[in-house]
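The values are calculated or read from the model by the stated rules, or taken from the named source; none is laboratory data. Every value quoted in this text rests on a predicted model; they were computed, and no experiment measured them. Glycine gets a Cβ as well: all are built from the backbone with ideal geometry, and neighbour counts include every protein chain shown.
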Amino acid sequence: MSSPHHRHLLVVGAGLAGIRAVEGARAAGWAGPVTVVGDEPHAPYDRPPLSKAVLSAEEPPAVPALRSSEVLETLQVRHLSGVRAVALDTERRTVTTTAGELGYDALVVATGSAATTLPELAGVRGVHVLRSYDDALAVREALTRSQEVVIVGAGFIGSEIASAARARGIDVTLVEAGGRPLERAVGTGAAARLMQLHTDAGVRLLTATTVSGIRSTDLGVDKVELSSGETLAADAVVLGIGARPATAWLRDSGVALDPRTGGVLCDSRLATSAPAVWSAGDIACVDGVRSEHWTAAGEQGRVAGANAAGAAEAFASVPFAWSTWHGHRIQVVGETTAADEEDHGDGFVLYRREGSAVGALGIDSPGPVARLRRALNAQLAGAGAS
Amino acid sequence: MSAIEADKTVCEGIGMCEAQADDYFQVGDDGLVDVLTDEVPDPDRGYVKAAIDSCPVSALRLLG
Ligand SMILES: Cc1cc2nc3c(=O)[nH]c(=O)nc-3n(C[C@H](O)[C@H](O)[C@H](O)COP(=O)(O)OP(=O)(O)OC[C@H]3O[C@@H](n4cnc5c(N)ncnc54)[C@H](O)[C@@H]3O)c2cc1C
Ligand code: SF4
């Protein structure tokens, strides 16, 4: 049996949730060695800037590091970059990687998600997704060379790419399969306001439309065929159609996955169905809910790491996400689905269930959003205490 | 002694700083960060630095 000071914490996934897991474990007193395995070649970095600053800055910015090298040093974490986990054996407590086998006493799985692609577009030059820093550089490159782009999916990422493209004076067509952008997430009224931001900025938004085919030449994409029968010329196509949890490596591991989303099933303490295995971030399906936002990934990472180190914290947080479209600051707080929308004007939409405020969407209204967020946080803290 | 500098034009009101060091940072009624005490004595430097590093839009800086 290893002594508490030699017990090994292994974190798979060197993104936000993985790094916060290391911090959470150290803060909770984990004294043994800590290894973080990540398949990307870079130091752990932050994703939100990828579809914002990285696309719009004059010069391609450096990788947006999550922590300075000094901070990583004080955490005493061994980061294995360019190493991919391929299998997990929860009985032997080992993870097989492309660089050999690693044992663990406690394991946090935080491999995030992978961008969804359209199989019929796979391998076509000039078709991009945006998940990683390398993807962002490729999209940026494509934008600098394009006059016309087609962006598929008017969610947060597709919309941010549309903003960056418009800021460069590019002709942008945003193709959305659903009704209004983010309608399922924020309701019809708020979605109409979001849609207006795009049309005001000169984005051509086609709703209830899908891509039915693509014509390419040796140079790459040439034309995009739409379900409406229309054909658009395009120098580049960017897909922002969602992401799937990166859980293929966990199949047959004994860690239970959600049959619907493929996420890792875990309880509010982020414990999975397997002993000594916790999960956090975009990959985690916590009490049936998978959140794909920065603040949740960070907080879940911290809690998973702390619990791996012996704490018994529950994850509870008021959802919060932000985005910037055409220079407008968008913030979403709390619950914004299955609720009544109440438009307060000035870009503030409040959501109520049975009369009580449960969430809000703000467009350039950080004040009211912050006040509601504080109130919801206070409620959550109160509920947790009682 | 170090000093905190906040760039309100960059801050998105995400509140990571407040979550980690609420005696130094608070998201105000305008939804942007307020620095409550801008001088950081040496013993607090480490955890204030951690809060600053956790800002996802790098709106905060520690001088000195
Ligand atoms: C372009 C973009 C912009 C975004 N903007 C915002 C925003 O403005 N606001 C917001 O709230 N949220 C935003 N998000 C969402 C937010 O970034 C994510 O919720 C967050 O990064 C999730 O963190 P994570 O650690 O769970 O996963 P990730 O950050 O994806 O990290 C997982 C890491 O694990 C690696 N990995 C995967 N499989 C393996 C394996 N088998 N072996 C080893 N390593 C592996 C991956 O390569 C990756 O590096 C954005 C996301 C993207 C992609
Ligand atoms: S973490 Fe950064 S963005 Fe968030 S409130 Fe603090 S300074 Fe502003």
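Brief remarks on what is shown
Let's see how each residue does on (1) among the polar types (S, T, N, Q); (2) within 13 Å of ligand 2 (Cβ to nearest atom); (3) surrounded by fewer than 19 Cβ atoms within 10 Å (Cβ to Cβ):
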| position | (1), (2), (3) |
| --- | --- |
| B:A21 | no, yes, no |
| B:F25 | no, yes, no |
| B:G31 | no, yes, no |
| B:L36 | no, yes, yes |
| B:V40 | no, no, no |
| B:P43 | no, no, yes |
| B:D53 | no, yes, no |
| B:S58 | yes, yes, yes |
| B:L63 | no, no, yes |
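- Of all the listed residues (A:G103, A:G123), the sole one being more than 16 Å from ligand 2 (Cβ to nearest atom), farther than 22 Å from A:E292 by Cβ and in the same structural domain as A:P275 (by TED's automatic domain parsing) is A:G103.
- Breaking point among (1) within 9 Å of ligand 2 (Cβ to nearest atom); (2) within 11 Å of chain A (Cβ to nearest Cβ), for B:K49: (1)
- Search result, residues across region A:68-106 that are closer than 12 Å to A:P33 by Cβ and in contact with a Gly (Cβ under 8 Å, 6 or more places away or on another chain): A:D105
- Within region A:301-310, if we keep just the residues that are touching a helix residue (DSSP H, G or I) at 6+ places or on another chain (Cβ under 6 Å) and more than 11 Å from every other protein chain (Cβ to nearest Cβ), the residue that is nearest to ligand 2 (Cβ to nearest atom) turns out to be A:G301.
- Condition check for A:I241 on (1) assigned to a loop (DSSP other than H, G, I, E, B); (2) farther than 30 Å from A:R145 by Cα: one failure, at (2).
- Residue that is surrounded by the most Cβ atoms within 10 Å (Cβ to Cβ), among those in region A:94-109 that are in a loop (DSSP other than H, G, I, E, B) and out of contact with any strand residue (DSSP E or B) (no Cβ under 6 Å at 6 or more places or on another chain): A:D105
- All of (1) surrounded by 18 or more Cβ atoms within 10 Å (Cβ to Cβ); (2) free of Cβ contacts under 8 Å to residues at least 24 places away in the same chain hold for A:P119 with one exception: (1).
- Residue among A:V221, A:V237 that alone is over 30 Å from A:S273 (Cα atoms) and modelled with pLDDT of 95 or more: A:V237
- If you go through region A:196-233 and keep only what is in a loop (DSSP other than H, G, I, E, B), of a type outside the set (S, T, N, Q) and closer than 16 Å to A:S159 by Cβ, you end up with A:A201, A:G202, A:V203.
- Tally, over region A:48-106, of residues that are away from chain B (no Cβ under 14 Å), within 21 Å of the chain's Cα centre (by Cα) and modelled with pLDDT under 95: 1
- One residue stands out in region B:3-19 among those that are surrounded by fewer than 16 Cβ atoms within 10 Å (Cβ to Cβ) and not in a loop (DSSP other than H, G, I, E, B): the one that is nearest to the chain's Cα centre (by Cα), namely B:E5.
- Members of region A:326-346 found to be away from ligand 2 (no atom under 16 Å from the Cβ) and not in a loop (DSSP other than H, G, I, E, B), listed by number: A:H328, A:G334, A:D340, A:E341, A:E342, A:D343
- Filter pass, A:V71 being outside any loop (DSSP other than H, G, I, E, B), surrounded by fewer than 24 Cβ atoms within 10 Å (Cβ to Cβ) and away from ligand 1 (no atom under 15 Å from the Cβ): yes
- The single condition among (1) within 16 Å of ligand 2 (Cβ to nearest atom); (2) of a type in the set (K, R); (3) over 27 Å from A:E160 (Cα atoms) that A:R7 does not meet is (1).
- Of the strands (runs of 3 or more DSSP E) lying entirely inside region A:271-325, those containing at least 1 residues that are surrounded by fewer than 24 Cβ atoms within 10 Å (Cβ to Cβ) are A:284-286, A:320-325.
- Whichever residue in region B:14-31 is more than 16 Å from ligand 1 (Cβ to nearest atom), under 18 Å from A:A321 (Cα atoms) and out of contact with any helix residue (DSSP H, G or I) (no Cβ under 6 Å at 6 or more places or on another chain) and, among such residues, is nearest to the other protein chains (Cβ to nearest Cβ): B:G28
- Selection status of A:A14, under 17 Å from A:A280 (Cα atoms) and in a loop (DSSP other than H, G, I, E, B): yes
- Single residue of A:H42, A:H6 found to be assigned to a loop (DSSP other than H, G, I, E, B) and free of Cβ contacts under 8 Å to residues at least 40 places away in the same chain: A:H6
- Residue within region A:347-359 that is within 14 Å of chain B (Cβ to nearest Cβ), outside any helix (DSSP H, G or I) and either within 27 Å of A:G242 (Cβ to Cβ) or more than 16 Å from ligand 2 (Cβ to nearest atom) (or both) present: yes
- Scanning region A:287-299 for residues that are more than 14 Å from every other protein chain (Cβ to nearest Cβ), within 14 Å of ligand 1 (Cβ to nearest atom), among the polar types (S, T, N, Q) and closer than 29 Å to A:V211 by Cβ turns up at least one hit.
- Of all residues in region A:244-262, those being surrounded by fewer than 22 Cβ atoms within 10 Å (Cβ to Cβ) and assigned to a strand (DSSP E or B) number 2.
- Single condition A:G362 does not satisfy, out of (1) of a type outside the set (A, V, I, L, M); (2) touching a residue at least 40 places away in the same chain (Cβ under 8 Å); (3) crowded, with 22+ Cβ neighbours inside 10 Å: (2)
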